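A.B. asks: Here it is: the structure, laid out below.
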Number of protein chains: 2
Amino acid sequence: MNPKIVLRIISYLLLILCAFMLTAVAVALYFREFAVVPAFMVPVALTVVIVGLFLLVTRNSGRSQPSFKDGFLFVSGGWALAAALGALPFYLSGTIPSYCDAYFESISGFTTTGASILTEIQSLPRAILFWRSLTHWLGGMGIVVLTVAILPLLGVGGLQLVKAEAPGPTVDKITPRIAETAKYLWYIYLGMTIVETLLLMGGGMGFLDALTHTFGTVATGGFSTMNISVAHFDSAYIDWVITFFMVIAGMNFVLHFRLLTGNLQNLFVNTELKAYLLIFFTATLMIAGKLHLEVYQSFTEALRYSAFQVASILTTTGFATADYEKWPYMAQAILLLLMFVGGCSGSTGGGIKVIRIVTLFKQAVNEMKYLIHPKAVFPLRFSGQVVGKTIVYAISGFFFLYITILLLVTFAVSLAGVDLLSALTAALATLGNIGPGFGVVGPTKNYAHFPDFVKWVLSFAMMAGRLELYTVFVLFTPMFWRR
Amino acid sequence: MNPKIVLRIISYLLLILCAFMLTAVAVALYFREFAVVPAFMVPVALTVVIVGLFLLVTRNSGRSQPSFKDGFLFVSGGWALAAALGALPFYLSGTIPSYCDAYFESISGFTTTGASILTEIQSLPRAILFWRSLTHWLGGMGIVVLTVAILPLLGVGGLQLVKAEAPGPTVDKITPRIAETAKYLWYIYLGMTIVETLLLMGGGMGFLDALTHTFGTVATGGFSTMNISVAHFDSAYIDWVITFFMVIAGMNFVLHFRLLTGNLQNLFVNTELKAYLLIFFTATLMIAGKLHLEVYQSFTEALRYSAFQVASILTTTGFATADYEKWPYMAQAILLLLMFVGGCSGSTGGGIKVIRIVTLFKQAVNEMKYLIHPKAVFPLRFSGQVVGKTIVYAISGFFFLYITILLLVTFAVSLAGVDLLSALTAALATLGNIGPGFGVVGPTKNYAHFPDFVKWVLSFAMMAGRLELYTVFVLFTPMFWRR
């Protein structure tokens, strides 16, 4: 392990975040919100001084590359510190008077969870709301990927870092060099952001509302600048635009790259994409049918609200256009099931992810085949390729860990005297980076009422979920710290 | 596949059940409940005639042994038909006027779930209550194990049948011959039954109440002859006796055998047993502490109610001495977690089982070690022995299938317009063969109010859970039916 190099890369990461904080200052100046400027400038100045001095002092520490272990330490540490820095504007501006709450809001932003402790949102300074949504955007594609894209100096070790941030079963390399891949991913992301913003402005949204809601969409975040989320705009056009982009953001960005470079073949053989779309359309139609029967007279309207909410939950975004807790229980049960799924690998979505669900399903079916023909060999195929046992093993371990942590976090939340469904879905909505759950954390509620220790536990759950568990939990094994 | 031989063994199984039905007739005659005698005698007579004729006609069909596939077909078919036969006395006596309800009660009995559709229990004919509890006792150790124990003519194929009924990760053979092993297991079971019955009678219970509650305990079933379950007796002595035997019944019966034959060494190295006791004591103490603070003045009383309920849920029995839905949410959350665990392998308990939880936990930890040292080899040890990858693979598949079916059954229950927590715990309580859940299926409620299709789904879940999923689901694969 090389703590110095880890701290150096974290320093770069924090400096990049400071640069983005300055855009929030620009927003403050534009809207003449001078009072909040220090809330951004003080953390920026402090970070630049401390981190700059550190970089200066350690500049002769050699050009050794980060190791395996360094990667885990950097990513977990980098995320925790990024959230700590990102919380300062909320705290220093007085918008969120408790630092625990500010940290919760910040990590919820970076992890693209979208769980909020804010009750009154619309009246807050626009620079604060902009920063709040910007954390989504930065965290969506990954702050580590961003660092690697901006700083090619990381060289070979960069792949290890990116893998630790998104340790999913497939880290497809688009180009041989990881820094280049990271750059392409960010270009696609940026392109999506521009297109959606323009489309939303076309629907009558102001620039800032369009931009912040786009951040919340393409990052599958879910923070809105409105108290009642996207329902505020009450526009079928806006709902459909956001639905479309949520579904797109929940897909593997490598597929978007292939599509843009004219490589369509990949799309049709991609098992994960097919399963993802199948889940989306099935759930949407089932809920739409039920809503049409019991809530909305027009099927078009039922479809609009159903598609939006299914996309929002499946992709782990968390926007709301309806209070789904007033829907028939059958529709609620489908949403609960979707909370266990999540987006595709390589997307900005969280959760268990479609690729793992499909792999485990195929493995379970294979086990039945082995019962019938114990001596035969049934290879597990995914997108036409055989998946090795080691990968299935890792996914199995992930799934068990996910359910176990889910239940332990449920228990922790229940210590606050919260009913079981609320506790369970609060755990599910944070671990899966979704945002809203059911009961006291339902779509019209928020996380303000929890005691501090629950907020810290949920903050941890958000980070562990975003970094797909292992990157965080490996730090808790004694073996990691052994020489 | 050989349908004739499958039907022949099922015939034997049904004849054995008929013999046990006659004991219920004896109870009816003793208590002068002559009106219910035909409800037992008609099914017995019909079964003997039909099955007897079938056996007579096919007696020259050769002595071929049941194959692999035959085993699955026999066990699933045998259980489904046993429940169908066992439901007839409820139905024909008019005690349960709907056959769907009667089937639910019967399969709930045989699978030792203990979920009931009865609201008024105490006033029912004693022969009916005796039969209801007897189904627990027969299903607890396994009706297939019973058939194999009674009919040594099955020979070698018997092991395959027993394995299909309890396809857990370890089917330890006590003796080289499976028929002998089956006999020993039933002897231990019988011994436990006699001792607990005597101890309960010593606490002031009448013979029939003592016997039926013993059936519910040693089989980890949960049917009581009282409307408010074991709470009816309101006796610390009775509570502790039942608690003790629930814990014993949740252990691997092979360990009981080893203990009785003086082989103590096995107990101390058994990883599953250690984990099981650790879970039991930790959960009991945590809940007792909380109950002492908020509900009961005396710690002894808090401990009594806590230990009883923890044992009841962990071992998947389902008896109740308190309405745990009125307990602090923290205590409820622990009970919810325990519903995901279940008893030990080779016990009469259901659920995922401790052995699987521990194995998966060890595997998840191993995955972290592989992240740190990708090229090292970390064998997974259980009770001092290395567990092969094939077994871990099968357990992983089981766990995923369990959670998936749990969520799908939750969805099915929600179709009845039931809230999510009730739907989820109804699924959990039937799939895990527990009995009571939360909400509309809480410890003071029952399953009567569900529409028929939900009762059929839950009946299926109980059977699938009891036969540990694969034995039932393998029948749904096209490969099974291919030549």
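A.B. asks: With respect to A:L259, determine if the residue is more than 14 Å from chain B (Cβ to nearest Cβ), without any contact (Cβ under 8 Å) to a residue 24 or more places away in the chain and farther than 25 Å from A:G216 by Cβ.
C.D. replies: Working: more than 14 Å from chain B (Cβ to nearest Cβ): yes; without any contact (Cβ under 8 Å) to a residue 24 or more places away in the chain: yes; farther than 25 Å from A:G216 by Cβ: no.
The answer is no for A:L259.
A.B. asks: Please state which one of B:E325, B:E294 is in contact (Cβ under 8 Å) with a residue 12 or more places away in the chain, acidic (D, E) and farther than 17 Å from B:A115 by Cβ.
C.D. replies: Just a single option satisfies the conditions, and that option is B:E294.
A.B. asks: Also: Sort through B:L273, B:L291 and tell me the only one that's in a helix (DSSP H, G or I), farther than 29 Å from B:I143 by Cα and open to solvent by less than 50 Å² (accessible area, probe 1.4 Å). Write out each step before concluding.
C.D. replies: Details: B:L273 fails: farther than 29 Å from B:I143 by Cα.
Residue meeting the stated conditions: B:L291.
A.B. asks: Moving on. Given the residues A:L146, A:L134, A:L153, which is the only one that is assigned to a helix (DSSP H, G or I), more than 21 Å from A:A429 (Cβ to Cβ) and modelled with pLDDT of 95 or more?
C.D. replies: A:L134
A.B. asks: On to the next question. So which of A:G109, A:G94, A:G86 ends up being assigned to a loop (DSSP other than H, G, I, E, B) and at pLDDT 90 or above?
C.D. replies: The unique qualifying residue is A:G94.
A.B. asks: A further question on this structure: Got at least one residue in region A:90-98 being touching a Lys or Arg at 6+ places or on another chain (Cβ under 9 Å), farther than 17 Å from A:P451 by Cβ and surrounded by 24 or more Cβ atoms within 10 Å (Cβ to Cβ)?
C.D. replies: Yes, region A:90-98 has at least one match.
A.B. asks: Could I ask something else about it? Has region A:233-246 got any residue that is open to solvent by less than 80 Å² (accessible area, probe 1.4 Å), among the acidic types (D, E), over 17 Å from A:I188 (Cα atoms) and touching a strand residue (DSSP E or B) at 6+ places or on another chain (Cβ under 9 Å)?
C.D. replies: So far as region A:233-246 goes, no, none of its residues is open to solvent by less than 80 Å² (accessible area, probe 1.4 Å), among the acidic types (D, E), over 17 Å from A:I188 (Cα atoms) and touching a strand residue (DSSP E or B) at 6+ places or on another chain (Cβ under 9 Å).
A.B. asks: Separate question: Restricting attention to region B:405-438, report how many residues are farther than 26 Å from A:Q363 by Cα, open to solvent by 20 Å² or more (accessible area, probe 1.4 Å) and facing chain A (nearest Cβ under 7 Å).
C.D. replies: Qualifying residue count for the region: 4.
A.B. asks: With closer than 28 Å to A:M479 by Cα and open to solvent by less than 40 Å² (accessible area, probe 1.4 Å) as the only criterion, which of B:Y393, B:Y402 stands out? Write out each step before concluding.
C.D. replies: Details: B:Y402 fails: closer than 28 Å to A:M479 by Cα.
That would be B:Y393, the only listed residue that is closer than 28 Å to A:M479 by Cα and open to solvent by less than 40 Å² (accessible area, probe 1.4 Å).
A.B. asks: I'd like to verify a number: residues in region A:466-483 that are within 7 Å of another protein chain (Cβ to nearest Cβ) and in a helix (DSSP H, G or I), how many?
C.D. replies: 5
A.B. asks: Would you call B:M251 outside any helix (DSSP H, G or I) and either touching a residue at least 60 places away in the same chain (Cβ under 8 Å) or within 30 Å of B:Q385 (Cα to Cα) (or both)?
C.D. replies: Yes, satisfied.
A.B. asks: Across region B:100-127, what is the total count of residues that are within 25 Å of B:P38 (Cα to Cα), of a type in the set (A, V, I, L, M) and surrounded by 24 or more Cβ atoms within 10 Å (Cβ to Cβ)?
C.D. replies: Counting residues in region B:100-127 that are within 25 Å of B:P38 (Cα to Cα), of a type in the set (A, V, I, L, M) and surrounded by 24 or more Cβ atoms within 10 Å (Cβ to Cβ) gives 2.
A.B. asks: Would you confirm whether any residue within region B:326-344 is part of a helix (DSSP H, G or I) and open to solvent by 40 Å² or more (accessible area, probe 1.4 Å)?
C.D. replies: So in region B:326-344, the residues part of a helix (DSSP H, G or I) come out as B:326, B:329-339.
Filter again for open to solvent by 40 Å² or more (accessible area, probe 1.4 Å), leaving B:326, B:329.
Yes: region B:326-344 contains one or more residues that are part of a helix (DSSP H, G or I) and open to solvent by 40 Å² or more (accessible area, probe 1.4 Å).
A.B. asks: Let me confirm something: among B:L73, B:L46, B:L55, which residue is in contact (Cβ under 8 Å) with a residue 12 or more places away in the chain, surrounded by fewer than 20 Cβ atoms within 10 Å (Cβ to Cβ) and in a helix (DSSP H, G or I)?
C.D. replies: Only one candidate passes the filter, namely B:L55.
A.B. asks: Can you spot a residue in region B:354-369 that is within 22 Å of B:A464 (Cβ to Cβ) and open to solvent by 20 Å² or more (accessible area, probe 1.4 Å)?
C.D. replies: Of region B:354-369, the ones within 22 Å of B:A464 (Cβ to Cβ) are B:354-357, B:359-360.
Now narrow it down to the ones that are open to solvent by 20 Å² or more (accessible area, probe 1.4 Å): B:357.
Among the residues of region B:354-369, at least one is within 22 Å of B:A464 (Cβ to Cβ) and open to solvent by 20 Å² or more (accessible area, probe 1.4 Å), which makes the answer yes.
A.B. asks: Name the one entry in B:T410, B:T404, B:T444, B:T390 that is of a type in the set (S, T, N, Q) and in contact (Cβ under 8 Å) with a residue 40 or more places away in the chain. Give the derivation first.
C.D. replies: On the way: B:T410 fails: in contact (Cβ under 8 Å) with a residue 40 or more places away in the chain; B:T404 fails: in contact (Cβ under 8 Å) with a residue 40 or more places away in the chain; B:T390 fails: in contact (Cβ under 8 Å) with a residue 40 or more places away in the chain.
Criteria check complete, one pass: B:T444.
A.B. asks: Let me ask something else about it. Looking only at region B:26-41, how many residues end up being touching a residue at least 12 places away in the same chain (Cβ under 8 Å), among the aliphatic types (A, V, I, L, M) and open to solvent by less than 70 Å² (accessible area, probe 1.4 Å)?
C.D. replies: So the answer is 5.
A.B. asks: State which residue is farthest from B:I107 (Cα to Cα) when the search covers only region B:459-483 and only residues that are hydrophobic (A, V, I, L, M, F, W, C) and open to solvent by 10 Å² or more (accessible area, probe 1.4 Å).
C.D. replies: Taking region B:459-483 as the starting set, the residues that turn out to be hydrophobic (A, V, I, L, M, F, W, C) are B:460-464, B:467, B:469, B:472-476, B:479-481.
Add one more test, that the residue is open to solvent by 10 Å² or more (accessible area, probe 1.4 Å), and what stays is B:460, B:463, B:473, B:475-476, B:479, B:481.
Values: B:F460: 9, B:M463: 7, B:F473: 17, B:L475: 19, B:F476: 20, B:M479: 28, B:W481: 26 Å.
Within region B:459-483, the match that is farthest from B:I107 (Cα to Cα) is B:M479.
A.B. asks: What is the residue count in region B:384-404 for residues that are more than 8 Å from chain A (Cβ to nearest Cβ) and either basic (K, R) or more than 21 Å from the chain's Cα centre (by Cα) (or both)?
C.D. replies: The total comes to 7.
A.B. asks: Moving on. Is region B:346-362 home to any residue that is in a helix (DSSP H, G or I) and small (G, A, S)?
C.D. replies: Looking through region B:346-362, none of the residues is in a helix (DSSP H, G or I) and small (G, A, S).
A.B. asks: Only residues in region B:366-383 that are away from chain A (no Cβ under 11 Å) count as the first member; pair them with residues that are at pLDDT 85 or above and open to solvent by 60 Å² or more (accessible area, probe 1.4 Å), Cβ under 8 angstrom, at least 6 apart or cross-chain, and list the lot.
C.D. replies: B:P379/B:V386; B:R381/B:K362; B:F382/B:K362
A.B. asks: Could you go through region A:113-131 and let me know if any residue there is touching a Phe, Trp or Tyr at 6+ places or on another chain (Cβ under 6 Å) and either part of a helix (DSSP H, G or I) or within 14 Å of another protein chain (Cβ to nearest Cβ) (or both).
C.D. replies: Yes.
A.B. asks: Please pick out the residue among A:L29, A:L22, A:L15 that is under 24 Å from the mean Cα position of the chain (by Cα), modelled with pLDDT of 95 or more and among the aliphatic types (A, V, I, L, M).
C.D. replies: Answer to the selection: A:L22.
The values are calculated or read from the model by the stated rules, or taken from the named source; none is laboratory data. These numbers come from a predicted model, not from an experiment. Here the Cβ is made from the backbone with ideal geometry for all residues, glycine too, and neighbour counts use every protein chain on show. Side chains are part of the model used for accessible areas, which takes the heavy atoms of the whole protein and leaves out ligands, DNA and RNA. Shrake-Rupley method; radii C 1.70, N 1.55, O 1.52, S 1.80 Å.
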